[in-house]
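The values are calculated or read from the model by the stated rules, or taken from the named source; none is laboratory data. Treat the numbers as computed from the prediction; the structure is a model and nothing was measured. Positions of Cβ are backbone-derived with ideal geometry, glycine not excepted, and every protein chain shown enters the neighbour counts. The area values use the complete protein model at the heavy-atom level, side chains included, leaving out ligands, DNA and RNA. Shrake-Rupley method; radii C 1.70, N 1.55, O 1.52, S 1.80 Å.
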Amino acid sequence: MTVRAGRQFLAIPGPTVIPDEVLSAMHRPAIDIYSGELLGITDSLMRDLPMLFGTKGRAYIYISNGHGAWEGALTNVLSRGDKILVLESGRFAAGWGDFAARLGVEVETLNAGWRRAVRADEVEARLKKDTKGEIKAILVTQVDTASGVGNDIEAIGKAIKAANHKALFMVDVVASLGCVPFEMDAWGVDVAVAGSQKGLMTPPGLGFAAANDRAREVHKNAGLRTPYWDWTSRDGEMHYNRYAGTAPMHLMFGLRQALNMLFEEKLDNVFARHKLLADAVRAAVGKWSEGQALTFNIEEADERSNTVTTVLMKDPKQLTAFREFCNTKCGVVIGAGIGDLTGKAFRIAHMGHVNAPMVLGTLGVAEVALNALDIPHGAGGTEAAIKSLGASVAA
Ligand SMILES: *Cc1c(COP(=O)(O)O)cnc(C)c1O
């Protein structure tokens, strides 16, 4: 017996649920890439994306996923033999650093491990030792989608300033842009990268970079520049230059609609919605943890991200059965653990086009699975989520 007919709930941390309005906006014939409507859409995206990043700098749109945006950012500001510092707190900063290493950049890693956030004081201490200014860039993710950590980018920016260090501050906001506050200029971030398919609710296929004046100055002498990613050629006269070729118009139609929806809801409300829904998930997981079979991956409550919750499960067989039950019996796809947490964790995404019924439905099904499979857990997790939302939404 299954109860899975009806709309499937996709609760993985990317790609996320695509709103019907975004899908509909893409359902149209191709249009001219040299004149007319598309030029206006590009102008509006080039105006709105920097606003979303919180910068007076420029944005660049690539036909790529987040990995492409990583490579694009690195090649625009670094040279072979440069040294960079990677601040790891899970999987994704290391992945970005690995791309840098393969481009011939020397990578040093400051590893916070998988269960806590990057600590700003440790960054400051390391940078103060770099008296010769050998470190050219610092890489970190705002949310690491594998560990579920939310790093304090503002605090790390302050630490870099306190150390009086000149390295470029480069931040991966793939799993956080449009979900939690990000203030590139105010926090001292020079380069930020994102993708279309997580908080921005658009199909995979667009990678974004934002760069401030300082980054664009460093860019002038960067040795790793290549034609497709190059900011200078993308700044060229023609619309065609913006994309180094044919514009990804259908993804742009979708993105335009997604941004309209975010602005209509108002960003402050979007961020508050993510926080309240994340609180609800954490209320449930907190209760379930009392059974000792599962627990939060991130140990400190205030270091858990508002876009994804990573939950460790002791027994790998129970873990497989749990995710399988949620999907095949109830139509909810729960994220698997990745990297060091492969076979050890599941992930519940609460990112992008999510609302109370989707989150409560996902938690309810998770609890159905815990009960059905006799996995030890504290009772009343979903009820705790309901109470959390009842209190916070009323306020
Ligand atoms: C998903 C993700 C990426 C990689 O994006 P792809 O589009 O899968 O290449 C990079 N960084 C973070 C934090 C992510 O969550």
Could you list all residues from the range 152-179 that are surrounded by fewer than 24 Cβ atoms within 10 Å (Cβ to Cβ) and either within 11 Å of the ligand (Cβ to nearest atom) or among the basic types (Lys, Arg) (or both)? Lys158, Lys161, Lys166
Just one of (1) in contact (Cβ under 8 Å) with a residue 24 or more places away in the chain; (2) under 18 Å from Asn241 (Cβ atoms); (3) not aliphatic (A, V, I, L, M) trips up Gly54, so point out which. (2)
Exception for Arg214 within (1) assigned to a helix (DSSP H, G or I); (2) within 16 Å of the ligand (Cβ to nearest atom) falls at (2)
Just give me the residues in the range 1-38 being surrounded by fewer than 19 Cβ atoms within 10 Å (Cβ to Cβ) and of a type in the set (Phe, Trp, Tyr), in sequence order. Tyr34
Output the number of residues of the range 217-246 satisfying the condition of being open to solvent by 20 Å² or more (accessible area, probe 1.4 Å), closer than 15 Å to Leu45 by Cα and in a loop (DSSP other than H, G, I, E, B). 1
Considering the range 6-38 alone, what residues qualify as being within 16 Å of the ligand (Cβ to nearest atom) and out of contact with any Pro (no Cβ under 9 Å at 6 or more places or on another chain)? Leu10, Ala11, Ile12, Pro13, Thr16, Val17
Which residue, of Val143, Val191, Val149, is more than 13 Å from the ligand (Cβ to nearest atom) and surrounded by 24 or more Cβ atoms within 10 Å (Cβ to Cβ)? Val191
Of the criteria (1) more than 24 Å from the chain's Cα centre (by Cα); (2) open to solvent by less than 50 Å² (accessible area, probe 1.4 Å), which one Asp374 fails: (2)
Would you check if there is a residue in the range 39-52 being open to solvent by less than 20 Å² (accessible area, probe 1.4 Å), part of a loop (DSSP other than H, G, I, E, B), more than 16 Å from the ligand (Cβ to nearest atom) and touching a strand residue (DSSP E or B) at 6+ places or on another chain (Cβ under 7 Å)? no
Filter pass, Gly68 being within 16 Å of the ligand (Cβ to nearest atom) and touching a Ser or Thr at 6+ places or on another chain (Cβ under 8 Å): no
From Leu127, Leu110, which residue is in a helix (DSSP H, G or I) and touching a helix residue (DSSP H, G or I) at 6+ places or on another chain (Cβ under 8 Å)? Leu127
